[in-house]
Amino acid sequence: MIRPAGAFFLLVFGVFAVATSAQETQKIKGPDERYKVDILVVVAHPDDEGAVTPYLARAIYDQHKTVAAVFGTRGGSGGNDYRREHGPAMADVREIEARQACAKLGIDKVWFLGGKDTASQNVLNSLANWGHGQSLEELVRIVRLTRPEVILTWLPGIFIGENHGDHQAAGVLATEAFDLANDPVAFPAQLAAASKRLEPYLEDLTPWQPKKIYYFSDASDQTQFAGHGFAYSVREVSQSQKKPYWLLAMRAAQPHLTQFPEEIHRWASLDDEAIQKAMSGPGHLWWSEPETLIFGKAAKVGAPNLHVVETSDVFADAVAQPAEKQVPVEELPAISGPMKTSVKVGGPWEFYESFRIKHGLRQLPVAAGPEIAVRPGTVVAVPVHVIRPELAQAVFTLTADVPAGWKVTVGTGKFSVAQGTDAQFRVEVQTPELSKEQLKETKPQTIVVHASEGEKSVGDVKLKVQLVSGGVPQ
Ligand SMILES: [Zn+2]
């Protein structure tokens, strides 16, 4: 006979046992697998994705890769060659154009960082105008959400032809996000698990290390990137789509009506055969053949600071360089300046010098010396950084040699630098107006700024300048 108390005990224990076994089989929620992608593309403006759509068409249609895209801005300051809307209304239009263009390739995960278009070639202006910290936090969040194997982005560097600070800002942010997303102390609130109280603030993401990062560039001379990464043919015919990759890319660009309506209407009126005939000549395509995805770096488990080199394909494993070429980070020279008074180019060039070292990108292609392209008749500024470790006040003289017909407007003369500090100067030079014919003939020119202390030369800063018909101001 079972006493009532015993029955009660069994009943309670039984319920407890059931509860325990239910707890044991309870599933922990994993990350949302719908958002996992193979490739994350990080660019600046709506239509920038067009720089790599021939490759994306290959990856999506023939390698069955998944892709998400991030745009730094919504393109509100661009021109509208189609209709009347401008400014914020234009941004609303261009966001949709970008989403539609991506959707044509099957890319339906598209985010915007909310940066403002910055009409400048200086990456530091763009980072300031976008809100660098907030943009980086959002991009790290998107990397942790999408968990890409590979990041593709604009090359962070200055080249003649790569004329937009916003493009470079996308490359800087993507590089920083590549290095931070797997760091558990970077933006830790993104990684904290939900709690009963205040849980809306905590995101429960997981750290993530993308495997490789590749860059692309608008530089006029694409041959300088040959051998620096994965070269692919844009004229090759997609096995699954039976069309060349460039044609798939051009068709995908058709929603960008505000940017090049005449071309889009012309392509839309041509069938595939006619468009291929029209584009068959050399130099007719938007893309160089082949195109190079410039290898940035690969993450190596257990040896993240060793340099690695690219193999044959974006999705092939990168391999470590021979031991004698490996440069562990702790052996890198200090970034801090020399011990005697010296002078070097400042501004974004100096920033990139440190950036490449800090992010393990010392093998990235760079121009032979500081160079820039500007419109004729505009002012070009040479940033000059005087580094002065000695603890005494000094007077420097800056002079400049400029090409015939160019004129120094401001920035030369005598300057006093306070003790134990350094100083940034800008020497500004007015470039001449040129006719269209003169512009075609013009070669790059060099501005040389000399710095001296009394009679003693401290050093020179050189800037190679190409005058070109378009582009944003320096
Ligand atoms: Zn752009």
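Tabulated data for the structure shown
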| item | result |
| --- | --- |
| Binned Cα-Cα distance frequencies in the chain - 20 Å width, integer % | 20, 49, 23, 6, 2, 0 |
| Kirkwood Rh and Cα Rg combined as Rg/Rh, the range 411-471 | 1.11 |
| Alpha-carbon Rg with Dmax, taken over the range 340-474, Å | 16.3, 53 |
| Net charge contributed by nearby residues that have their C-beta within less than 11 Å of Ser452 (K/R +1, D/E -1) | -1 |
| Which of Val143, Ala252, Val93, positive extreme of dipole for the chain (C-beta unit charges) | Val143 |
| Longest to shortest principal axis, alpha-carbon extents of the range 182-256, angstrom | 56, 30, 25 |
| Full-stretch length increase - Val185, Thr446 - with 0.36 nm per residue and alpha-carbon distance subtracted | 89.4 nm |
| Mean Cα-pair separation over length for the range 44-100, i.e. relative contact order, pairs under 8 Å, 6 or more apart, % | 37 percent |
| Antiparallel DSSP beta bridges within the chain, as percent of all bridges there, nearest 5 | 70 percent |
| Charge tally in the Cβ shell below 11 Å around Glu353, where Lys, Arg are +1 and Asp, Glu are -1, Glu353 excluded | +3 |
| Charge tally in the Cβ shell below 10 Å around Ser238, where Lys, Arg are +1 and Asp, Glu are -1, Ser238 excluded | +1 |
| Fewest-first ranking of Leu257, Leu398, using other Cβ atoms within 10 Å as the exposure measure | Leu257, Leu398 |
| Neighbour-count ranking [beta-carbon atoms within 10 angstrom, fewest first] of Tyr232, Tyr35, Tyr214 | Tyr35, Tyr232, Tyr214 |
| Efficiency of FRET from Cβ geometry, Thr206 and Asp62, R₀ 25 Å, rounded to 0.05 | 0.25 |
| Dipole magnitude (debye, nearest 20) for the chain, charges at Cβ of Lys, Arg, Asp, Glu | 680 debye |
| For the range 57-131 and the range 410-474, distance of Cα centres in Å | 34 Å |
| C-alpha center-to-center spacing [the range 135-207, the range 348-379] in angstrom | 23 Å |
| Ratio of Rg to Rh over the range 24-75 (Cα coordinates, Kirkwood Rh, two decimals) | 1.19 |
| Mean Cα-pair separation over length for the range 140-229, i.e. relative contact order, pairs under 8 Å, 6 or more apart, % | 41 percent |
| Extension gain, Trp286 back to Gln466 (0.36 nm per residue minus Cα-Cα distance, nm) | 62.7 nm |
| Ranked list, fewest to most other Cβ atoms within 10 Å of each Cβ, for Phe355, Phe216 | Phe355, Phe216 |
| q = 0.11, 0.12, 0.18, 0.20 Å⁻¹, the range 352-432: log10 I(q)/I(0) [Debye, one scatterer per Cα] | -0.45, -0.52, -0.93, -0.99 |
| Gain on full stretching of the segment that runs from Ile28 to Arg426 - 0.36 nm per residue minus C-alpha separation | 137.5 nm |
| Nearest-20 debye value, the range 117-267 charge dipole, Cβ charges on Lys, Arg, Asp, Glu | 620 debye |
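FYI, it's all coordinate maths here, none of it is from the lab. These numbers were taken from a predicted model, which means no experiment stands behind them. With ideal geometry, Cβ positions are generated from the backbone for all residues, glycine too; neighbour counts draw on all protein chains shown.
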